[in-house]
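In what follows, a structure is listed as structure tokens, so that the remarks can point back to it.
The values are calculated or read from the model by the stated rules, or taken from the named source; none is laboratory data. As the structure is a computational prediction, the values presented were derived from the model and not from experiment. When we count neighbours, we look across all protein chains shown, and the Cβ atoms used for this are built from the backbone with ideal geometry, even at glycine.
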Amino acid sequence: MSVSSEPPLVQSELRQLPAQLFIPPIRGEMVHLRPASVEDLSRLDELEAFYNASGITGKDVHSERAIVQTWVKRSVAWSKGLAPSDSGVGDPEARRTIAWSILTDADHDADGQIDAANTDNVIGMIFLIDIDGWARSARIQVILGKDYRGRGYSRDAMPRVMTYGFASTPAGLGLHRIWVSVPEKNTRSLSVYQSLGFVPSGTARDGLWDAEVGKYQDLIVMDTLADEYDPIRSLDAFGMHMIEDNPGVQEALSAREHSIAIKQKTKRENAAGTEDHDDNRAAKSDFDGSKAHDAESHFESVQSEITSETQEAQDDSKSDVSNWPFSSEDRKGSKDAWWRTLGRSRKRGSEGEIMSAEDLDNYETDAELALYKEYRDVIKLFTYVVETERRFYLANKVDFNVRSAGQDVYFDVQLTDAWVWDVYRSSRFVKNVRIVTFKDVNVEEVQKTDIDIPDALP
């Protein structure tokens, strides 16, 4: 059982949510979020966002549409400083809700048009629901249009919303727990949530009715806590980066470093206590045994202690990874990583036909050639080449720092005026990039006078 303590509250009002909340916009690498409006609800129907609702959330289409409309109205009411009872849904005991619309500027089918132009770039919504100020808890849920599922949009948006939720006030909501509920048959969502750090915490047996097969199914509850959530690894698991000026990011990074320092301090204190215990035992042995035998025993004890500490240090260096539900040992290889297969096997047309193998090869070849040509044209505009385990960048300014958290060392690299090598991004120019990694980072200065790039691929 997890036990978390907090300073005692002098007044219960300290745990009350504010009467009015500014809902901040949030930027991702593939999407950006803005506060949802009532006008956006009609776009969800155009996107067929409630298609297969029973398989995703366990509700029927009509119930899912009704609850989403309620969430948006409650979110709008909170942003205006209205009470829940004044939100238009008439429920005075309703907990607060925040709703963002998910927008994208991507052109994944390479047809020269933004994918969601018909819906003003809106492809879905993301919510923090049932926000409980007293328990500092909230539920998170994403709803996407039928044609925008399985492309990684949720994995870009959810960690950034969770970072805002866990960040201390006023930068964030100061939540202690974020949870989700998933039908047992929705294995895709279960996998996504696990990769974001959620762990199963309970099961509501036969909690949902599965109309497709005519029987009940379990409802799985998963959650993660503020001191367990890692905002860096939740994005790094999918090759994404934190955006420094997003709400709550600075507070989340500070809290993470503080948490690591506490863990390292506790381990050192435990090691020191073990050493004192061994010294006392060795002193008793000196008193009871012969000097020669004592000297030999003491030497063996020291050797054993050194071996133990070495093994412990090795375990410590792996602990952050091994405790993470989606550790590096479980990740896909780079060629199979999700961001390299984004949009494959999908061709959005009037009939929604699937691309043939030949069409897919031609599409990939054309996309890679276009990316190479763009790289050839822009490299002369930049001063540095930056290569990480996951990405390749061009930049005009690089701020490289080596930082430590206890005994661990990591690299904190900030790029200004950058370009990123990514075949599936519609816009590769980025104003600011921050890279936080334990892996190697290679930085080279471009000798512009020596640049001679061929016009075509070999």
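Key figures for this structure:
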read-out	value
Some residue of the stretch 24-37 being modelled with pLDDT under 90, assigned by TED's automatic domain parsing to the domain that holds Gln141 and assigned to a loop (DSSP other than H, G, I, E, B)	yes
Hits in the stretch 58-80 (condition: at pLDDT 90 or above and either in contact with a His (Cβ under 7 Å, 6 or more places away or on another chain) or more than 14 Å from Leu41 (Cα to Cα) (or both))	Ala77, Trp78, Ser79, Lys80
Selection count, the stretch 397-441, where residues are touching a strand residue (DSSP E or B) at 6+ places or on another chain (Cβ under 6 Å), acidic (Asp, Glu) and surrounded by 15 or more Cβ atoms within 10 Å (Cβ to Cβ)	2
